[in-house]
Amino acid sequence: MQVVAGVDLGGTAINYTLLDQQEKFLLEGLCEHPALSKEGPEQCLQQIADGLKIATNRAGIMLKDVTAVGLDTPGPASAGGQLSARGSTNFAHPKWAGFDIRAGLAHKLGKPVCYLNDANAAALWGHYTIFGAHSRETSISSVIGTGNGGGIILDGNVVKGKNGFGAELGHVMIPYQNISGINGLKALCNCGRIGDLESLCSLTAIEKNILPYFLPRYPGHDLAKVDIHQAAKLVRGLADNGDALCKEVFRVQAHALGLFFDEMVNTFDPDAFIVGGGALETSQEFQRWFIEQIRAAMPHQREEQAAIPIHVMPDGDTAGARGAAIEALKLAREGGLA
Ligand SMILES: [Zn+2]
C-alpha cells in the first residue's frame, strides 16, 4: 500500500486527506485536528505529525504507507515554502519569521514534502476535478472569500512564480469603470490599488466598497440598520432570496470577474475557468445566475474562445487538503515513490 497525504494548515484547524495511486481519496469529507500555529514551529509541526497519525489510523493504513506529503498554508510564503520574514496573520509567532515550513515538516516526518499556498492548492483541486491528475490543460480559478485568492494551472502545472506570488489574481487591475451602475464608486483594496479584482469581488469589497455605495440608493433597506461588517455577511443569503440591492452587489462582483476573465482569455487562452469560495455557497439557481452574469460582462470573444466553460469549484472545505495531496502525488510519481 502506497499513498500520499494532503495537509491543509489553516489558522485554527489542520485538515488531512489521503490519496492512493489509483487517485482515490481514502477519507470522506474532513479529517480535522486543531492547529497550533500560534505556538510556533516546534509545537505546530509536532501537531501536524500527530494528526497525520490519526488520519492514517482512520483510513486503516500505516503511517509508513505514506510516501509523500503535500502541505498547504495561507501565505505569504516563497514558492518553496519559506514563510515571510515579516510574519503574517496565521504565523505571528516570532519563530515563524523566515521559517522554511516545507523543509521543517519534511524533517519532522522523514518524508518528502511539497508546498503550495492555500489558494493554489484549491485551484489545483478544482482543476483536477475537471481534468484529472495527468492533465496538460490550463485553468484559471478565482476563489471569492474574505479576499480574492486564485490560481493558475498552466499546462497541468501550478504557476507559483519566482517569489511565490504568482497568480495573486486578486490584485490584478481590471477596467472596472466598464461595469454599469457604479458611477463614482471608489474601489480601494487593502493592498493600496484602486480597482483591482479583490476591491470589487470579495467579502471585504462588499463591506468596504460596494455596500456603502448601494445602501444610500435603497432608502429604508433593512441592511442599513445593521453594523456594516455584519451586513456584508448577510448579503449573500439575501441575494440568494432575490433581494434587489443584494443581487446588485453580486452582479457587480460577477461583472468584475467577467472583466478579469476576459483578460485571462487573452493572456492564457485557457481550457476552463473555475469559480469558488464562500460567495458561491448558495442555491444552484443562484450559482447559474452568477455565472451568466460573469459571461454577460465579458466582451465579445473570438469564435474559438466563446465557449470556454465556467465551472463552480466543488467541495470548498476540503479543497486545500485535496489540492495539496494531488501535488504530492505528482511529486511521488516524478520521484518514483508511488
Ligand atoms: Zn489589491
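Values in this text are rule-based calculations from the coordinates and carry no lab data. For clarity, every value in this text was computed on a predicted model and none was experimentally measured. Ideal geometry is used to build each Cβ from the backbone, glycine not excepted, and the neighbour counts take in all protein chains shown.
In this structure, the amide hydrogen of Asp243, modeled 1.01 Å from its nitrogen in the peptide plane, lies closer than 5 angstrom to no residue at least 5 positions away or on a different chain. What FRET efficiency would be calculated for the residue pair Asp315, Asn183, taking the C-beta separation as r and a Förster radius of 45 Å, to the nearest 0.05? Here the calculated transfer efficiency is 0.70. Computed from backbone phi with θ = phi - 60° and the Karplus coefficients 6.51, -1.76 and 1.60, the 3J(HN,Hα) list for region 310-315 is 10, 9, 9, 5, x, 6 Hz; x is used for glycine and proline.
Shown is the FRET efficiency for Asp222 and Asn57, computed with R0 = 30 Å from the Cβ-Cβ distance and rounded to the nearest 0.05: 0.05.
List Glu32, Glu285 from most exposed to least, where exposure is judged by having the fewest other Cβ atoms within 10 Å. Ascending number of Cβ neighbours within 10 Å: Glu285, Glu32.
The eigenvalues of the Cα gyration tensor, multiplied by 5 and square-rooted, give region 148-242 an equivalent ellipsoid with semi-axes of 30, 15, 12 Å from largest to smallest. Computed about its Cα centre, the charge dipole of the chain is approximately 660 debye, with only Lys, Arg, Asp and Glu carrying charge at their Cβ. Taking amide H as placed 1.01 Å from N in the peptide plane, the amide H of Ala68 sits under 5 Å from that of Ala5, each at least 5 places away or on another chain.
Size check on the chain: the Cα extents along the three principal axes, sorted descending, read 62, 46, 35 Å. Couplings 3J(HN,Hα) for region 51-66, derived from phi with the Karplus relation 6.51 cos²θ - 1.76 cosθ + 1.60 (θ = phi - 60°), are x, 5, 4, 4, 5, 5, 4, 4, 7, x, 10, 9, 4, 5, 6, 7 Hz, where x marks Gly and Pro. In order along region 133-140, the phi-based Karplus estimate (6.51 cos²θ - 1.76 cosθ + 1.60, θ = phi - 60°) of 3J(HN,Hα) comes to 7, 9, 6, 10, 7, 10, 9, 10 Hz; Gly and Pro are listed as x. Under 5 Å between amide hydrogens, built in the peptide plane, is the criterion, and for Cys31 it picks out Tyr16 among residues at least 5 positions away or on other chains. The stretch between Leu215 and Ala97 holds 38.3 nm of extra length on full extension. This uses 0.36 nm per residue minus the Cα-Cα distance.
Against the chain, whose longest principal axis comes from its Cα atoms, helix 284-297 is set at around 70 degrees. Label positions at Lys233 and Cys191, each projected 7 Å from the Cα along the C-beta direction, are separated by 2.6 nm.
Radius of gyration over Kirkwood radius for region 225-268, both on Cα atoms: the Rg/Rh ratio is 1.17.
Applying 1/(1 + (r/R0)^6) with r as the Cβ-Cβ distance of Phe165 and Thr89 and R0 = 22 angstrom yields a FRET efficiency of 0.85. To the nearest ten degrees, helix 244-268 and the longest principal axis of the Cα atoms of the chain are 60 degrees apart.
For Lys24, a cut-off of 27 angstrom between C-alpha atoms picks up these lysines, skipping any fewer than 8 places away in its own chain: Lys53, Lys64, Lys108, Lys111, Lys160, Lys330.
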